[in-house]
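Take a look at the structure below.
The values are calculated or read from the model by the stated rules, or taken from the named source; none is laboratory data. Note that the structure is a prediction, hence the values are computed from the model and not measured. Here Cβ is always computed from backbone atoms with ideal geometry, including for glycine, and neighbour counts include all displayed protein chains. Ligands, DNA and RNA are stripped out before the accessible areas are found, and what is left, the full protein with its side chains, is counted by its heavy atoms. Shrake-Rupley method; radii C 1.70, N 1.55, O 1.52, S 1.80 Å.
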Amino acid sequence: MSAVQEALPAVRSSRDATVRRFALTDSIFHGMTRAAAILVLVLLGGVAISLVAGSWQALSTFGFSFLTSESWNPVTEKFGALAPIYGTIITSAIAILIAVPLGIGIAIFLTELCPRPLRRPIGMAVELLAGIPSIIYGIWGLFVLAPFLQTTVQPFIISVFHGIPGLNGLFAGPPYGIGLLTSAMILAIMILPFITSITKDVFDTVPSVLKESAYGIGCTTWEVTRRVVIPYTRIGIMGGVMLALGRALGETMAVTFVIGNAHRISTSLFAPATTISATIANEFTEAVGDLYTSSLVALGLILFVITFLILAIARYMLMRIDARTGA
Amino acid sequence: MSTAASLHQSRKRKNGVMMTLCVIAAGIGLAWLALILGALLYKGLAGVSLSVFTEMTPPPGDAGGLLNAIYGSIVMTIIGIIVGTPIGVLAGTYMAEYGRFSKLTTVVRFINDILLSAPSIIIGLFVYELMVRPMGHFSAIAGAVALAILVIPVVVRTTEDMLNLVPNALREAGTAIGAPRWVVIRSVAYRAALSGIVTGILLAIARISGETAPLLFTALNNQFWSSNLNAPMASLPVTIFQFALSPYEEWQQLAWTGALIITLTVLALSIFARSLTGRREDK
């Protein structure tokens, strides 16, 4: 009895020490995880600050005209971002026009038509396309797609549209193979898997009861898709398209191979052009002089702002559909 | 009656047309994948030989291999993963465990999703301003940091998702026997979510092993063997970029072979990663 009483304070103090140690290590771990989470915020903030700091010289030299000037002359040090901005927007827009119908079609095929045993393998194959690094698309575009377009497709299109006013400017020769349209096609292949897998995912969120009741009153598969599935998932599809647009706008390597890196705005889709990311990738290491480098960083800042806005809208839309399925 | 029948016919016809278009779309998608992989295999395999893995990148017009580029890619990928993974796992842990319902988590999740799809060339510019400019020269370590920044959002996302899937009853059981929170996280939650977190890390490796843009002006490139982390280092994607755009046939061949190596690595990693989560779902 007395032995136990003698031991009690020792036990109690060792227990207190253990609890204190637990509390200490727990708060250390808590602090570490919190710091890591905050670091993610700091990273994005750091990106924004460093881009603004790096582009300050160019922006203060050229002011607003940086956005509206087409000239890009390293010799006279006159820089304007209009041509790369134009190229970026045109290539991405055409890519979206090609990839969205294809992506939605594949998603409908996978959710409604495909025989069950094939669903997983085909879905996986499309998603594997998303994992292929962009440089592979670039090298394929340069050595396979561009020569094919140059020798076969473009001469044909140019001859067909030659006499048609309005369209002949859009498809004016000579057929280089590389240029706006080739870049847009490569971008379309690249973003197709994103659109497909997101569309497929949001299609899967449609309650079966809704589809079954439409089938029950005699709707065809297309009518169910058009009148029930697509309206129900509209926000999600829009979100997926915006996400893909964000990718297309910022995509660098695939475009750099096949865009031609020409700083001019041309109405022909066959003409070589440039995009923001391709300009940076091509010229950054060769840029001589602070103003040149700063102008390239300023291009990066413009790209960052555009993609940030697009991606923020995309995430907001996808969050809304998540909230609905969660509820 | 006849109008009803013709309406039925036209609806069926429309359905047939639209569904055929969907099948064609799927056909185009798959054919495109087959075309790219086919060209890659055809052109890449032509240049596969032992010397690709044992010799350095050659000067123009000479035979050689890709050894220094492969080595550089592996080194920078490993450093990128070592730096990026702990940060990503810890941040994901905060979002799923300590701060599951906090405002910070909502903000971090939003920002992380944006970082996940941000153009990688922007990350390259950031690291250039952050490290290359102050240090005054390009270096492998700057390249590795750029890759680490790309790793973080992927790992954060999967870690959070996977920890959220761990049933709360497991955590409560751990807490009920007196384990402090971080012990519960370490010995219960991490263990339950392990395969998912590993999948995230594998996907991150797959992503950065093919990244070119962030390395262009951080690690630059190097014609020679270099294991100095403070100096420019060759990497497979940047070498492919340089060689593919060159007029020399030997270089272009090496670019194709390098592209094949990268693609097979990335495909193998993503298939392996998917098989890990697939097994988990079956259970």
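Here are a few things to note about the model shown:
- Positive-end ranking of A:L318, A:V241, A:G141 along the dipole of chain A, with charges on Cβ about the Cα centre, is headed by A:L318.
- Peptide B:256-266 has a mean shielding of 3, counted as Cβ atoms of other protein chains within 10 Å of each residue's Cβ.
- Taking N as its residue count, the alpha carbon Rg of chain A over 2.2 N^0.38 Å: 1.38
- MRE, 222 nm, helices only [DSSP H, n ≥ 4, -39500 (n - 2.57), over chain B, to nearest 500]: -24500 deg cm²/dmol
- Oblate is the label for the protein assembly as shown, because a/c, from the alpha-carbon gyration tensor with a ≥ b ≥ c as root eigenvalues, is 1.5 or above and a/b does not exceed b/c.
- Counting only aspartates and glutamates at least 8 places from A:K211 when in the same chain, those with an alpha carbon closer than 18 Å to its own are A:E112, A:D201, A:E223.
- Chain A - percent of accessible surface contributed by carbon and sulfur, probe 1.4 Å: 68
- Projecting label points 7 angstrom from Cα along Cα→Cβ for B:S102 and B:S227 puts them 4.3 nm apart.
- Spin-label pair B:L21-B:V48: with each label point 7 Å from Cα along the Cα-Cβ axis, the two points sit 4.1 nm from one another.
- Per residue, the protein assembly as shown exposes 44 Å² of solvent-accessible protein surface, assessed with a 1.4 angstrom probe and all protein chains in place.
- Of all aspartates and glutamates in the structure, the ones whose alpha carbon falls short of 14 Å from that of B:K43, not counting any fewer than 8 places away in one chain, are B:E249, B:E250.
- Whole-angstrom gap from the range A:237-284 to the range A:133-151, using each part's C-alpha centre: 15
- Sites A:V160 and B:S187 - FRET efficiency at Förster radius 56 Å, r taken between beta-carbons, to 0.05: 0.20
- For the protein assembly as shown, size of Cβ-based charge dipole, Lys and Arg +1, Asp and Glu -1, in debye: 2100
- Remark: accessible area buried at the B-A interface is about 7300 Å², both chains counted, probe radius 1.4 Å.
- Kyte-Doolittle mean at least -0.5, axial Cα span of 20 Å or more - DSSP H helices of chain A: A:2-62, A:82-108, A:116-131, A:180-204, A:234-250, A:290-326
- Dipole axis of the protein assembly as shown (+1 Lys, Arg; -1 Asp, Glu on Cβ), positive-most option in A:G103, A:P115, B:A169: B:A169
- Scanning chain B for DSSP H helices at least 24 Å long along the axis (C-alpha atoms) with a Kyte-Doolittle mean no lower than 0.5 picks out B:2-45, B:67-93, B:140-165, B:190-209.
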